Amino acid sequence: MKQNQPKIKVISSGKYIPETLITNEDLEKLVETSNEWIMTRTGIQTRHKAVNELTSDMAYKAALNAIERVNYDKNKIDLIIMATITGDQMTPSTSNFVQAKLGLEHHVMSFDINAACTGFVYGLEVASALLQTKRFRSALIIGGETLTKIIDYTDRNTCVLFGDGAGAMIIEPSDDPHDTAYFFNAAKGDLNDTLTVKKFIQMDGKKVYQFAVGAMEGAIVKILNESHLKIEDIDMVIPHQANERIIQSVSKSTGIPIEKFMLNLSEYGNTSAASIPITISEYFDRKDVKGKKILLVGFGGGFTWGSSILQL
Ligand code: ACO
């Protein structure tokens with residue numbers, strides 16, 4: 001084990017999902033597609049759409065959900081990292097809006113990061129590293145997206161895949177060796193527009209699919225090796241929720257039973273940086289999670305990919 005692994009205490013997690021639903025039947029009316037095609041190729045049944053709500057509104061509600069879950073003293077939070085590709089505006093950062101909406105007027109360091117769908121796993125590593133300096137008491141990491149505002153609803157290749165939502169996590173520094181966290185994050189710069197957002201999301205679905213399977217498998221193997229843990233030591237794998245078939249392929253290639261992957265993409269679709277923290281929050285809803293070990297694994301545009309093992 002490397003000596004410099006960060007130790008963090010996972011305090012809470014929360015989520016917010018906007019009410020309005022987009023069903024496969026709704027999409028059948030917009031583009032030439034079918035419920036059957038979408039279900040068999042992706043596993044997605046519905047996705048949610050933010051109406052008159054900004055990314056910062058959803059992020060604020062997810063943060064509040066995490067705070068209220070454990071009656072947390074929000075005034076302890078002095079670091080906010082928001083992962084998003086659909087921030088409210090160029091500047092101020094969406095995290096600054098969240099800080100204001102939470103009413104945090106004390107000294108807080110607050111900024112956004114963009115690592116596409118891997119953004120939350122990146123943000124978690126950045127926050128954990130900053131907490132090791134002991135200059136911060138508590139970090140709020142949020143993944144939040146309003147992807148429906150960058151979807152071309154005449155493009156059947158993309159419009160069936162994505163939805164809106166936000167998820168949040170609160171962590172504190174720790175000295176307990178049981179709280180050792182492991183991270184692996186990487187990027188492979190792509191100049192070929194394989195997965196890109198100029199005005200709308202555009203992608204070469206097949207290339208992204210192939211990249212995703214290899215990247216997720218590699219990230220799982222790497223983090224298990226680095227932590228000297230076996231898959232049997234992990235209670236739940238929480239993958240980026242892009243496509244059920246991608247996760248099934250990863251299950252097959254790694255030999256990890258599909259039951260060990262927590263899935264909710266049939267309800268939410270791909271919510272990019274929000275998908276992993278939304279799923280963590282739903283894992284927290286099970287109430288018996290104290291002491292469990294989770295393995296997070298994501299991939300996204302850039303390309304970016306990464307994994308993490310946390311003790312709850
Ligand atoms: N309904 C019906 N037909 C469709 C649809 C649709 N919604 N979308 C595409 N098709 C058609 C295509 O036009 C193409 O038709 P053609 O062969 O006549 O040209 C055909 O279906 C493509 O079929 P396949 O190549 O067999 O489709 P595939 O099995 O690759 O599934 C999919 C496509 C679902 C997009 C898959 O490639 C995929 O999931 N890729 C990964 C996408 C992803 O995860 N992106 C998010 C990355 S995360 C981030 O950072 C945003």
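The values are calculated or read from the model by the stated rules, or taken from the named source; none is laboratory data. These numbers come from a predicted model, not from an experiment. With ideal geometry, Cβ positions are generated from the backbone for all residues, glycine too; neighbour counts draw on all protein chains shown.
Data for the structure
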{"quantity": "The range 47-90: number of residues that are among the β-branched types (Val, Ile, Thr) and within 13 Å of Pro277 (Cβ to Cβ)", "calculated": "2"}
{"quantity": "Wholly within the range 1-82, strands (runs of 3 or more DSSP E) carrying at least 1 residues that are away from the ligand (no atom under 16 Å from the Cβ) and either over 22 Å from Ile238 (Cα atoms) or modelled with pLDDT under 95 (or both)", "calculated": "20-23, 46-49"}
{"quantity": "Helices (runs of 4 or more DSSP H) wholly inside the range 88-200 that include at least 2 residues being touching a helix residue (DSSP H, G or I) at 6+ places or on another chain (Cβ under 7 Å) and within 16 Å of the ligand (Cβ to nearest atom)", "calculated": "119-132, 156-159"}
{"quantity": "Residue check for Tyr268: touching a helix residue (DSSP H, G or I) at 6+ places or on another chain (Cβ under 7 Å) and closer than 21 Å to Ile141 by Cα", "calculated": "yes"}
{"quantity": "Near pairs, Cβ below 8 angstrom, 6+ apart or cross-chain, from the range 18-44 (within 28 Å of Ser56 (Cβ to Cβ)) to any residue that is part of a loop (DSSP other than H, G, I, E, B) and charged (D, E, K, R)", "calculated": "Pro18/Glu53; Pro18/Asp164"}
{"quantity": "Residue within the range 120-127 that is among the aromatic types (Phe, Trp, Tyr) and within 15 Å of the chain's Cα centre (by Cα) present", "calculated": "yes"}
{"quantity": "Pick from the range 201-219, criterion of a type in the set (Gly, Ala, Ser) and either farther than 30 Å from Lys149 by Cα or at pLDDT 95 or above (or both), ranking: farthest from the ligand (Cβ to nearest atom)", "calculated": "Gly218"}
{"quantity": "Criterion violated by Asn75 - all others in (1) more than 18 Å from Thr148 (Cα to Cα); (2) surrounded by 15 or more Cβ atoms within 10 Å (Cβ to Cβ) satisfied", "calculated": "(2)"}
{"quantity": "Selected residue (only one of Ile223, Ile234 is of a type in the set (Val, Ile, Thr), touching a residue at least 24 places away in the same chain (Cβ under 8 Å) and in contact with a helix residue (DSSP H, G or I) (Cβ under 9 Å, 6 or more places away or on another chain))", "calculated": "Ile234"}
